[in-house]
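Written out below as structure tokens is the structure these notes cover.
The values are calculated or read from the model by the stated rules, or taken from the named source; none is laboratory data. Just so we're clear, the structure is a prediction, and the values are computed from it rather than from any experiment. All Cβ positions, even for glycine, are placed from backbone atoms using ideal geometry, and neighbour counts span all protein chains on display. Just so you know, the surface numbers come from the protein's heavy atoms only, side chains and all, with ligands and any DNA or RNA stripped out. Shrake-Rupley method; radii C 1.70, N 1.55, O 1.52, S 1.80 Å.
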Amino acid sequence: MSEIFSGISKIAYEGAKSTNTFAFKFYDAEKIVMGKPMKDYLPFAMAWWHNLCAAGTDMFGRDTADKAFGASEKGTMEHAKAKVDAGFEFMSKLGIEYFCFHDVDIVPEADDINVTNARLDEITDYMLEKMKETGIKCLWGTANMFSNPRFMNGAGSTNSAEVYCFAAAQIKKALELTVKLGGKGYVFWGGREGYETLLNTDMKFEQENIARLMKMAVEYGRKIGFTGDFYIEPKPKEPMKHQYDFDAATAIGFLRQYGLEKDFKMNIEANHATLAGHTFQHELRVSAINGMLGSIDANQGDYLLGWDTDEFPFDVYEATMCMYEVIKAGGLTGGFNFDAKNRRPSNTAEDMVYGFILGMDTFALGLIKAAELIEDGTLPALAEYYGVTLVTDAE
């Protein structure tokens, strides 16, 4: 197999003074921070959909990046295998140990679900070979129940019994694939689980149906040997006007109402937090104090734009506060998935690498600074000065 990212060597740590653009300035995987290697605090994952599929399309323009990876035709099984080759080479060169996927990221969806499932079996066999060769693992899997037109009114919240059954079948297969690939988690992102107007919506009935779908998933997952966490990924709006998993507090209330709290945790995305009118650290804290901080989608949004821009994180202040919450919570059961994509003008293979270096370095520096905040005594001293009681881990 020919090298896809030719001319790009394995990315190494060279320190803050390095002028090499293809080097980490702060991410030193084996550096000990508060008694553990940095990589143990930061189990990074590649999002299959953005890194290997997203080609710069937006609502105003077509693709700007070539994500064929040498395949003669996109949307084929040849292309699907080329993405596997590209993804594992990419992760190996960046030192990324995990990936996340939706079912239809990894194969082209057919009109017949049986054909799609056969393709999924074939590609995951190929992925398993790559996983054994490289040691790279699956962080979590999920089913894409928002892109296909059938899900225009949601999956669990749909007004169609046929669509609801299709969603259940799709989740069943995605769970099987997650178990097959050894995934640590399974995510529900309810992108279209919501409503446009209450005048034609039975909210109670729709939420009961979503809960029923999740309960079936838990029952089946445990039956086939899935021992990891199920996750809800909160998001308030877009693509729907109002989505039921508005924020962490709302999602946690939903889980408790329907008796799902023992099997589910939160997968918190920074960009979704800001869309809900919260800070990233607020959503992490709410999840943590409820015992439901599970995994993180590491990205950021643009405060001047009102939609989900999924940018690679570069705000060290935000990353520091994130890592402060993660350390105080005792770490994650999941990891840091870079649910992030390059901007339209950043359309080369080199730009893909730059994006990940930026994101990994940002969280590495955030970890270093968060550890300093905890270890140097500054916060307790400030609390004492202002007469504030600072709650410690022991308390």
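Determine whether segment 180-202 contains at least one residue that is in a loop (DSSP other than H, G, I, E, B), within 24 Å of the chain's Cα centre (by Cα) and more than 30 Å from Ile136 (Cβ to Cβ).
There is at least one residue in segment 180-202 that is in a loop (DSSP other than H, G, I, E, B), within 24 Å of the chain's Cα centre (by Cα) and more than 30 Å from Ile136 (Cβ to Cβ).
If I ask for residues that are open to solvent by less than 30 Å² (accessible area, probe 1.4 Å) and at pLDDT below 95, which ones from segment 206-244 would you list?
Answer for segment 206-244, where residues must be open to solvent by less than 30 Å² (accessible area, probe 1.4 Å) and at pLDDT below 95: just Met240.
Among the candidates Met360, Met352, Met321, single out the residue that is hydrophobic (A, V, I, L, M, F, W, C), closer than 30 Å to Lys184 by Cα, open to solvent by 60 Å² or more (accessible area, probe 1.4 Å) and modelled with pLDDT of 95 or more.
From the options Met360, Met352, Met321, the qualifying one is Met321.
Please give the number of the condition Leu293 fails out of (1) touching a Lys or Arg at 6+ places or on another chain (Cβ under 9 Å); (2) in contact (Cβ under 8 Å) with a residue 60 or more places away in the chain; (3) not polar (S, T, N, Q).
Condition (2) is where Leu293 drops out.
Evaluate the following for Asn159: is it assigned to a helix (DSSP H, G or I), of a type outside the set (D, E, K, R) and free of Cβ contacts under 8 Å to residues at least 12 places away in the same chain?
No.
I'd like the full set of residues that are among the β-branched types (Val, Ile, Thr), in a helix (DSSP H, G or I) and under 17 Å from Ala349 (Cα atoms), limited to segment 76-108.
Within segment 76-108, just Val84 meets the criteria.
List the number of the failed condition for Asp302; all other conditions in (1) under 17 Å from the mean Cα position of the chain (by Cα); (2) acidic (Asp, Glu); (3) modelled with pLDDT under 95 hold.
(1)
Considering segment 289-310 alone, what residues qualify as being closer than 18 Å to Pro236 by Cβ and of a type outside the set (A, V, I, L, M)?
Residues satisfying the conditions are Asp297, Asn299, Gln300, Gly301, Asp302, Tyr303, Gly306, Trp307, Asp308, Thr309, Asp310.
Can you pull out the residues in segment 161-171 that are farther than 16 Å from Asp111 by Cα and surrounded by 15 or more Cβ atoms within 10 Å (Cβ to Cβ)?
Within segment 161-171, Tyr164, Ala168, Ile171 meet the criteria.
Here is a check on your reading of the model: is Ala12 over 20 Å from the mean Cα position of the chain (by Cα) and either among the aliphatic types (A, V, I, L, M) or open to solvent by 70 Å² or more (accessible area, probe 1.4 Å) (or both)? Break it down into steps so the answer makes sense when it comes.
Numbers: over 20 Å from the mean Cα position of the chain (by Cα): yes; either among the aliphatic types (A, V, I, L, M) or open to solvent by 70 Å² or more (accessible area, probe 1.4 Å) (or both): yes.
Against the criterion (over 20 Å from the mean Cα position of the chain (by Cα) and either among the aliphatic types (A, V, I, L, M) or open to solvent by 70 Å² or more (accessible area, probe 1.4 Å) (or both)), Ala12 qualifies.
Please name all residue pairs, on different chains or six or more residues apart, with Cβ atoms under 7 Å, provided the first residue is in segment 65-83 and is in contact (Cβ under 8 Å) with a residue 24 or more places away in the chain and the second residue is surrounded by fewer than 13 Cβ atoms within 10 Å (Cβ to Cβ).
Hits for this filter: His79/Glu73.
When the residues of segment 1-39 are narrowed to those that are part of a loop (DSSP other than H, G, I, E, B) and among the aromatic types (Phe, Trp, Tyr), which ends up nearest to Gly87 (Cα to Cα)? Before you say what the answer is, go through the steps one by one.
Step one: filter segment 1-39 for residues part of a loop (DSSP other than H, G, I, E, B), giving 1-11, 14-22, 25-31, 34-35.
With the extra rule that they be among the aromatic types (Phe, Trp, Tyr), the set shrinks to 5, 22, 26-27.
Details: Phe5: 10, Phe22: 18, Phe26: 23, Tyr27: 21 Å.
Checking each candidate, the answer is Phe5.
Just the residues that are assigned to a loop (DSSP other than H, G, I, E, B), open to solvent by less than 20 Å² (accessible area, probe 1.4 Å) and within 30 Å of Phe88 (Cβ to Cβ), please, taken from segment 119-154. First the steps, then the outcome.
Restricting attention to segment 119-154, the residues satisfying the condition of being assigned to a loop (DSSP other than H, G, I, E, B) are 135-136, 143-148, 152-154.
After this cut, where a residue has to be open to solvent by less than 20 Å² (accessible area, probe 1.4 Å) as well, the list is 136, 143-144, 154.
Those that are assigned to a loop (DSSP other than H, G, I, E, B), open to solvent by less than 20 Å² (accessible area, probe 1.4 Å) and within 30 Å of Phe88 (Cβ to Cβ): Ile136, Ala143, Asn144.
Go through the residues of segment 54-70 one by one and say whether even a single one is crowded, with 19+ Cβ neighbours inside 10 Å and over 25 Å from Pro345 (Cβ atoms).
Checked segment 54-70: no residue is crowded, with 19+ Cβ neighbours inside 10 Å and over 25 Å from Pro345 (Cβ atoms).
For Tyr41, are the conditions met, namely being under 16 Å from Gly359 (Cα atoms) and open to solvent by 30 Å² or more (accessible area, probe 1.4 Å)? Show your work before the answer.
Details: under 16 Å from Gly359 (Cα atoms): yes; open to solvent by 30 Å² or more (accessible area, probe 1.4 Å): no.
The answer is no for Tyr41.
From Ala319, Ala298, Ala329, Ala288, which residue is in contact with a Pro (Cβ under 7 Å, 6 or more places away or on another chain), in contact (Cβ under 8 Å) with a residue 12 or more places away in the chain, under 22 Å from Ala251 (Cα atoms) and of a type in the set (A, V, I, L, M)?
Only one candidate passes the filter, namely Ala298.
Which condition number in (1) surrounded by 18 or more Cβ atoms within 10 Å (Cβ to Cβ); (2) more than 18 Å from Lys235 (Cβ to Cβ) is the one that Thr197 fails?
All conditions are met except number (1).
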